[in-house]
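Accompanying notes for the structure given below.
Coordinate-derived values only; no laboratory data. All values reported here derive from a predicted model rather than from experimental measurement. Here the Cβ is made from the backbone with ideal geometry for all residues, glycine too, and neighbour counts use every protein chain on show.
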Amino acid sequence: MFSITWGSVSGWWVPVCLILGIVYAWLLYRQPVNLGKNFRLWLAVLRALVVFIIAMLLVSPLVKTIKYDPQKPLVLIAQDNSSSINTFKPAGFNSTQFVSDLAKLKQQLGDKYDVQEFNFSKDLANGLSDKFNGKQTDIAGALQQLNNRFVNQNIGALILATDGLYNQGNDPQYEAKNIKTSIYTIALGDTVAKRDLLIGNVNYNKTAFLGNDFEIEVLAAAYQSKAENIHLTVTEDAKQVFTQTIPVTSADFKKTIPIKLTANKKGLRKYNISIAPVKNELSTQNNTETIYVDVLDARQNVLVVYRSPHPDITVIKQAIETNKNFDVKTTLLTDIAGIKLSDYSLIILYQIPAGEYAPLRNFIAKSKTPVWYMLGSQTDLQAFNAEQNSVKISAGRSELQEVLALPETGFSAFTLSDSARKKIAVMPPLLAPFGSYGTAANTAVLLKQKIGAIATTYPLLAFADNAGHRTAILAGEGLWRWQLAEYQNYGNRNTTDELLSQTVQYLTANANRQRFRVYPARNVFDEGENVILNAELYNDALELINTPDVRIELKNQAGKNYSFLFSRSGQSYQLDAGTLPIGEYSYNATTQNGTQRFSASGQLTVKPLNLETRQSAANHQLLNTIAKQSGGQMLHPNQINQLADLIRKNDNIKTVVYQDKHYSDIIDVKWIFVLILLLLSGEWFLRKREGEV
């Protein structure tokens with residue numbers, strides 16, 4: 001539909017234009033005597049219309065076009081495709097028939113509804129599926145993806161078919177509140193738990209120290225197994241190191257069992273934790289767990305030297321000691337004479353240069369012990385500039401300014417998590433020396449300074465490696481602000497701890513002078529997860545290099561070999577070996593730098609992903625809550641044939657008509673020029689026929 005609107009132009013121009021056309025036609029056709037009166041009248045009408053239209057084009061009113069776009073209500077079907085649906089199905093449930101019945105809904109609703117079908121386990125996929133082979137379930141993630149995909153569209157109803165069990169993502173009832181429509185849930189699974197013994201969880205520290213005892217906690221659970229016994233064993237290298245029998249006293253039994261072990265061998269130690277199966281047990285996949293504990297010879301010591309007390313000192317000590325590999329000692333500069341410097345793998349100089357104590361300066365220069373300079377209001381910038389070449393600060397006066405942290409994307413010496421980078425970018429400002437900053441060519445910057453709204457190239461946290469001597473510079477004080485702000489906003493201090501801990505790990509990484517290191521991203525990978533390994537190679541000067549090729553061979557227990565070549569990543573190496581079959585693997589990596597050959601070995605495990613077997617009782621209460629809070633209804637599989645009627649009777653589910661108004665100048669309407677051309681051509685043809693042209 002279209003109409004003419006005037007906008008700022010007066011509508012009185014219409015009769016003016018019409019009168020102009022009539023006057024022009026009268027003046028043109030009042031004289032010719034060779035034409036009949038009626039014939040002249042028709043010619044005058046044609047000419048009056050042409051003049052009227054051309055005059056209107058000069059006035060230029062607006063043409064309003066209205067387009068009506070009806071949108072049928074969307075009916076979204078989200079079907080749980082995880083393995084728990086088939087594993088814990090009630091008697092009489094036919095999964096194939098269920099999917100077939102669910103698919104008939106599109107035909108039952110007809111053309112008045114736009115029905116779209118999806119299935120989900122860990123991720124959302126198009127269409128329904130009768131495979132039920134998903135290894136993880138993320139109900140909230142599926143709801144979020146549907147909401148994002150159909151945002152601002154006419155969602156009439158959402159049909160959620162699941163057992164209510166999820167082992168990934170958030171609580172789905174909170175995500176369901178964001179979907180502004182009726183949710184009809186189909187309650188799958190059985191609310192009665194099946195007979196099963198399982199290891200629910202294992203809590204343990206990933207590191208222990210040689211000769212010390214350490215403790216792990218095993219959560220053992222048993223369903224429908226009252227009067228049975230849980231026989232729990234722990235083995236190290238196939239040798240039994242712990243056993244215990246726990247009587248099951250209820251149908252829904254859980255107990256946390258503390259286990260004390262001794263770290264009597266150095267290196268990466270593998271422990272297998274298992275529960276003996278019982279008769280008629282539903283699944284034995286969840287009866288075993290494998291953990292790795294890195295047994296260290298001794299902790300590394302970190303020394304923090306400062307001139308006067310400061311709240312940052314406590315933050316630094318707490319953050320570093322979250323990593324059990326490190327012990328931190330703090331000392332005033334005036335008390336350093338009683339410290340044996342050779343006992344420390346890293347020295348942190350808080351607002352002081354090493355030159356203020358000659359033995360400390362000489363020790364660092366001779367031993368190449370890593371140093372972390374932290375600057376602030378007490379820092380002597382001239383002494384700092386003279387002591388190192390990585391970062392130079394030119395300052396005319398001793399003043400501080402507030403600077404925000406801006407994470408640098410190109411930093412590759414070590415990796416901060418994405419969440420840590422996002423949090424650091426919104427942390428309160430630190431106080432940095434006012435002046436002009438310069439960096440040497442071999443300096444890598446992790447955090448830059450943002451002054452007000454201006455992102456600068458000035459370093460806030462920078463690193464350098466000079467012939468194996470690693471240094472770090474934090475050009476600001478006020479880390480205590482970060483810790484308080486993070487705890488206030490997020491309820492933890494994970495980001496501050498991660499930044500300081502990762503920095504210390506990087507600075508002390510070559511303290512043991514190990515020239516070639518190969519280590520997996522984790523020692524236990526889940527089934528279907530990509531196996532990632534990292535490698536580092538140092539030259540004679542203990543500088544990180546990645547010029548030579550690094551090859552690795554993984555071997556499983558059956559003797560099958562998998563050979564790979566590492567890719568170069570930054571200054572080190574990384575390998576994405578893809579997904580490997582379930583089992584235990586040993587690996588051996590080799591490389592050659594000049595005439596020197598290096599090798600490194602280790603082991604890793606790819607374990608079955610048994611998250612879907614850890615809980616057998618369906619959570620129909622969750623599904624009922626989601627349905628009620630949205631104005632929908634919970635149904636059972638044998639009630640699917642009621643869905644179409646429920647949706648039709650829901651007055652909130654209806655076709656929505658969207659109105660799109662468009663305004664344009666009349667001169668932009670192309671067919672008007674065609675009309676003018678036709679009118680003039682018709683007039684010319686008639687006059688030509690009568691010999692008046």
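Assuming 0.36 nm per residue, please report the length gained on full extension of the stretch residue 108 to residue 153 beyond their Cα-Cα distance.
14.0 nm
Going by how many other beta carbons lie within 10 Å of each one, how would you line up 448, 194, fewest first?
Least to most surrounded, the residues fall as 194, 448.
Straight-line reach from residue 560: which lysines have Cα under 20 Å away, leaving out those fewer than 8 places along the same chain?
607
Once both labels are modelled 7 Å past Cα along the beta-carbon direction, what's the residue 337-residue 265 spacing in nm?
5.0
Report the charge-dipole magnitude of the stretch 300-507 in Debye, nearest 20, computed about the Cα centre from +1 at each Lys and Arg Cβ and -1 at each Asp and Glu Cβ.
Dipole about the Cα centre, nearest 20: 180 debye.
Rounded to the nearest 20 debye, what is the charge dipole size of the chain about its Cα centre when +1 sits on each Lys and Arg Cβ and -1 on each Asp and Glu Cβ?
1380
With equal scatterers on the alpha carbons only and no solvent term, can you work out the Debye log10 of I(q)/I(0) for the stretch 387-482 at 0.11, 0.14, 0.15, 0.16 1/Å?
For the stretch 387-482 at q = 0.11, 0.14, 0.15, 0.16 Å⁻¹, log10 I(q)/I(0) is -0.31, -0.51, -0.58, -0.67.
Beyond 30 Å, what percent of the Cα pairs of the stretch 300-507 remain?
Pairs farther apart than 30 Å: 14 percent.
Sorted by average packing, counted as other Cβ atoms within 10 angstrom per residue and highest first, what order do 556-563, 310-317 take?
Descending packing order for the listed peptides: 310-317, 556-563.
Amide H neighbours of residue 400 under 5 Å, counting only residues 5+ apart in sequence or on other chains, H built in-plane at 1.01 Å?
Answer set, sorted by chain and number: 434.
What value in Å³ per residue do you get for the convex hull of the alpha-carbon atoms in the stretch 516-607?
Residue-normalised Cα hull volume stands at 83 Å³.
With all pairs of different alpha carbon atoms counted, what Kirkwood hydrodynamic radius in Å does the stretch 186-341 show? Don't skip to the end; give the middle numbers.
Working: mean 1/r = 0.0528 Å⁻¹.
Taking every pair of different Cα atoms in the stretch 186-341, averaging 1/r and inverting gives 18.9 Å.
Could you list the square roots of 5 times each eigenvalue of the Cα gyration tensor of the stretch 539-693, that is, the equivalent ellipsoid semi-axes, sorted largest first and rounded to whole Å?
One finds semi-axes of 73, 43, 15 Å for the stretch 539-693.
Please state the relative contact order of the chain as a whole percent: Cα pairs under 8 Å, 6+ residues apart?
15
For the chain, with the dipole built from +1 on Lys and Arg beta-carbon atoms and -1 on Asp and Glu ones, taken about the Cα centre, which of 672, 556, 686 lies farthest toward the positive end?
Looking along the dipole axis, the top candidate is 686.
Please report how many Lys pairs in the stretch 279-400 have alpha carbons closer than 21 angstrom, counting only residues at least 8 apart along the chain or sitting on separate chains.
Going through the stretch 279-400 pair by pair, I get 7.
Roughly what % of DSSP beta bridges within the chain run antiparallel, to the nearest 5?
Approximately 70 percent, going by the DSSP bridge assignments.
At a 10 angstrom cut-off on C-beta neighbours, averaged per residue, how do the peptides 648-655, 155-162 rank from highest to lowest?
Details: 648-655: 12.4, 155-162: 24.8.
Put in order of decreasing packing, that is 155-162, 648-655.
Sort 480, 12 by Cβ crowding within 10 Å, fewest neighbours at the top.
Listing 480, 12 from fewest to most nearby Cβ atoms yields 12, 480.
Can you find, among 454, 441, 357, the residue sitting farthest towards the positive end of the charge dipole of the stretch 300-507, where Lys and Arg contribute +1 and Asp and Glu -1 at Cβ?
After comparing all options, I get 441.
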